[in-house]
Amino acid sequence: MAFVSDPFVHEVIGCAIDVHRGLGPGLLESTYSRCFQAELTARGIRFTTEVPVTIRYRGLRLDGGYRIDLLVEGRLIVEIKAVEALQPIHTAQVLTYLRLSGVNQGLLINFNCPRLKDGLKSVIRREHPHAVLQCLHLLRPIPSRKHKVFFMALQALHSSCEGQAI
């Protein structure tokens, strides 16, 4: 598991670790959420809870009842879980919130694990395809085979993204 190296994100993860050390696994999601919020507050980290996610479809604004658990400092989505194991649907949920909100990073935190590091997942919003195209231009000329393979992978990624609404 790789996190983006950001001291702010590490501080937020530290809050989750402190809550998990204090409570352990086996409680309800709402309990972990309230304790996590208390930890963020104690460290002076601003957050908003139950942030509504608006869906836009063909000019319509729909409130589908979707809510982000916590939006931390306006730049990090945190989804709290207390489940047996994180599932792909949980990651999809965070990715959807990232896409709809325009936020670039989210943390999925499952407190129902003996070791919290096994329940942590950092989710990064995929870059816009045009950013991939810009990277392609930066790599020319290709000085080595290693760069050529990377270049080909970026081209494939760009091709797979073409025509997608992002």
- Message: Just to be sure before I move on: is ILE77 within 17 Å of the chain's Cα centre (by Cα), assigned by TED's automatic domain parsing to the domain that holds TYR97 and in a helix (DSSP H, G or I) in the structure I sent?
- Response: no
- Could you give me the residue pairs with C-beta distances under 8 Å whose first residue belongs to the range 57-70 and is closer than 14 Å to ARG99 by Cβ, whose second residue is of a type in the set (Phe, Trp, Tyr) wherever it lies, and which are 6+ apart or on separate chains? TYR66/TYR97; ILE68/TYR97
- Message: If I filter the range 84-107 for residues that are surrounded by 14 or more Cβ atoms within 10 Å (Cβ to Cβ), touching a residue at least 12 places away in the same chain (Cβ under 8 Å) and farther than 20 Å from ILE124 by Cβ, do I get at least one hit?
- Response: no
- Note on the structure: Of those in the range 18-74 that are closer than 19 Å to ASN110 by Cβ and among the basic types (Lys, Arg), the residue modelled with the lowest pLDDT is ARG67
- Message: I'd like the full set of residues that are surrounded by fewer than 19 Cβ atoms within 10 Å (Cβ to Cβ) and farther than 26 Å from ARG61 by Cα, limited to the range 108-126.
- Response: PRO114, ARG115, LYS117, ASP118, LYS121, SER122
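The values are calculated or read from the model by the stated rules, or taken from the named source; none is laboratory data. It should be emphasised that the depicted structure is a prediction, and the values quoted were computed from it without experimental measurement. As a convention, Cβ positions derive from the backbone with ideal geometry for all residues, glycine included, and neighbour counts pool all protein chains shown.
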